[in-house]
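A short write-up of the structure that comes next.
The values are calculated or read from the model by the stated rules, or taken from the named source; none is laboratory data. Since the structure is predicted, the reported quantities are computational estimates derived from the model, not experimental observations. Cβ placement follows ideal geometry from the backbone for every residue including glycine, while neighbour counts extend to all protein chains displayed.
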Amino acid sequence: MHKSVKATIRDIKALEIQGARNVARSAVTALAASAKDSKAKSNASFRKELAEAADALAMSRPTEPMMRNLLDEAVRFAAEQAKSREVRSVAALKKLVVAHENEMLAKVDEGAKRLAEYGAKLIPDDALVLTHCHSSTSTSCMIAAKKMRKKFSVVCFETRPRWQGRKTAAELAGAGIDVTLTVDGAMNLFMKKADIVIVGADSVTSRGDLINKIGTSTLAHIARMNDVSFYSAAELFKYSPMTIYGTREKIEERDPKEVWDRPPRGVKIRNPAFEATAAKYVSGYITELGVIPSQSFFAMATEKLGIRIYG
Ligand code: RUB
């Protein structure tokens, strides 16, 4: 297996690469590098290599549909091109696949820019914004709002056990945004003064439910209790296609040592990394095509990703 595929798998597994978008981008970048350096002698073996690398990357974190969707698209594209009469040599197929993967990355970045602008517009002037964990998609909305010269402040929660809230706080402070970091248990306290909540998404199901960092549903429920709008900034690539067939999105349970490395005898430790928030608590999804109700995510995502239902 190509060295950049191996290194990316290692880094994703070791949580050196975090956040759905970063994970997906790194996986596609590694796949493009392996396609570029492939020594395959036939189109069939090139496609086999590509599919194996894509599978291995997807398995490095089975709970990230954005990564899966982009890798599947690369494999599908290679299969389609290989059928074309004009693409006879491996060199030609390789060139097309690498160019396509780079195009996909550019498309992801372009969409993310548009999404950030829609999210920025949603932030009212003088608002208190709450966020949780580290989501590059959510912070991009806040940074875009700052660039629009909006005045607002952000409270982010530390997100135990891996403290991704610190990353958010550092990034926002670096962008000149007024930001406060506090403990996860202070969610209700700060909600009383909040105007809007923006969190990220690892996955969105066919019913519009949101899968995101543990603590997200608590924040959503408290937002509803206080009549505060609760948004998730989620590219349509976050849609999980298998959920329409009833397959439940897997929730990753991480190393208990992250919670307590040497607990006393008899103490059980659980460390769920993510959880589901029901669609009814999500005021809307901020996507690259606009701010949409949770019930529309499925239809817009399947169209964008070219997914055929029962196809
Ligand atoms: C990160 C997390 C983020 C989503 C979205 O968890 O839950 O909210 O991945 O991130 P972890 P983004 O750090 O454990 O991967 O908006 O960057 O895709």
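Could you please let me know if Asp261 is in the same structural domain as Ala299 (by TED's automatic domain parsing) and within 29 Å of Val129 (Cβ to Cβ)?
Judged against the criteria, Asp261 is not a match.
Go through segment 256-283 residue by residue and tally those that are touching a residue at least 40 places away in the same chain (Cβ under 8 Å) and more than 16 Å from the chain's Cα centre (by Cα).
9
Out of segment 230-255, which residues are of a type in the set (A, V, I, L, M) and over 16 Å from the mean Cα position of the chain (by Cα)?
Within segment 230-255, Met242, Ile244 meet the criteria.
Does Ala127 satisfy being modelled with pLDDT of 95 or more, more than 16 Å from the ligand (Cβ to nearest atom), outside the structural domain of Ile9 (by TED's automatic domain parsing) and surrounded by fewer than 18 Cβ atoms within 10 Å (Cβ to Cβ)?
Against the criterion (modelled with pLDDT of 95 or more, more than 16 Å from the ligand (Cβ to nearest atom), outside the structural domain of Ile9 (by TED's automatic domain parsing) and surrounded by fewer than 18 Cβ atoms within 10 Å (Cβ to Cβ)), Ala127 qualifies.
Being surrounded by fewer than 24 Cβ atoms within 10 Å (Cβ to Cβ), of a type in the set (Ser, Thr, Tyr) and within 14 Å of the ligand (Cβ to nearest atom) is the filter here; which residues of segment 134-190 pass it?
Result: Ser136, Ser140, Thr159.
Restricting to segment 46-55, what's the tally of residues that are touching a residue at least 24 places away in the same chain (Cβ under 8 Å) and surrounded by fewer than 19 Cβ atoms within 10 Å (Cβ to Cβ)?
Final tally of qualifying residues: 2.
Hey, could you check segment 16-45 for residues that are free of Cβ contacts under 8 Å to residues at least 40 places away in the same chain and either under 21 Å from Thr137 (Cα atoms) or aliphatic (A, V, I, L, M) (or both) and say which is nearest to the ligand (Cβ to nearest atom)?
Ile17
Can you tell me which residue in segment 62-106 is modelled with the lowest pLDDT, limited to those that are farther than 16 Å from Pro241 by Cβ and among the basic types (Lys, Arg)?
So, considering only residues that are farther than 16 Å from Pro241 by Cβ and among the basic types (Lys, Arg), the one modelled with the lowest pLDDT is Arg85.
Could you list, in sequence order, the residues of segment 146-169 that are outside any strand (DSSP E or B) and touching an Asp or Glu at 6+ places or on another chain (Cβ under 9 Å)?
Met148, Lys150, Lys151, Glu158, Thr159, Arg160, Pro161, Arg162, Gln164, Gly165, Arg166, Ala169
With respect to the numbered conditions (1) in contact (Cβ under 8 Å) with a residue 40 or more places away in the chain; (2) over 30 Å from Lys213 (Cβ atoms); (3) of a type in the set (Lys, Arg), which one is the sole condition not fulfilled by Lys13?
Failed condition: (2).
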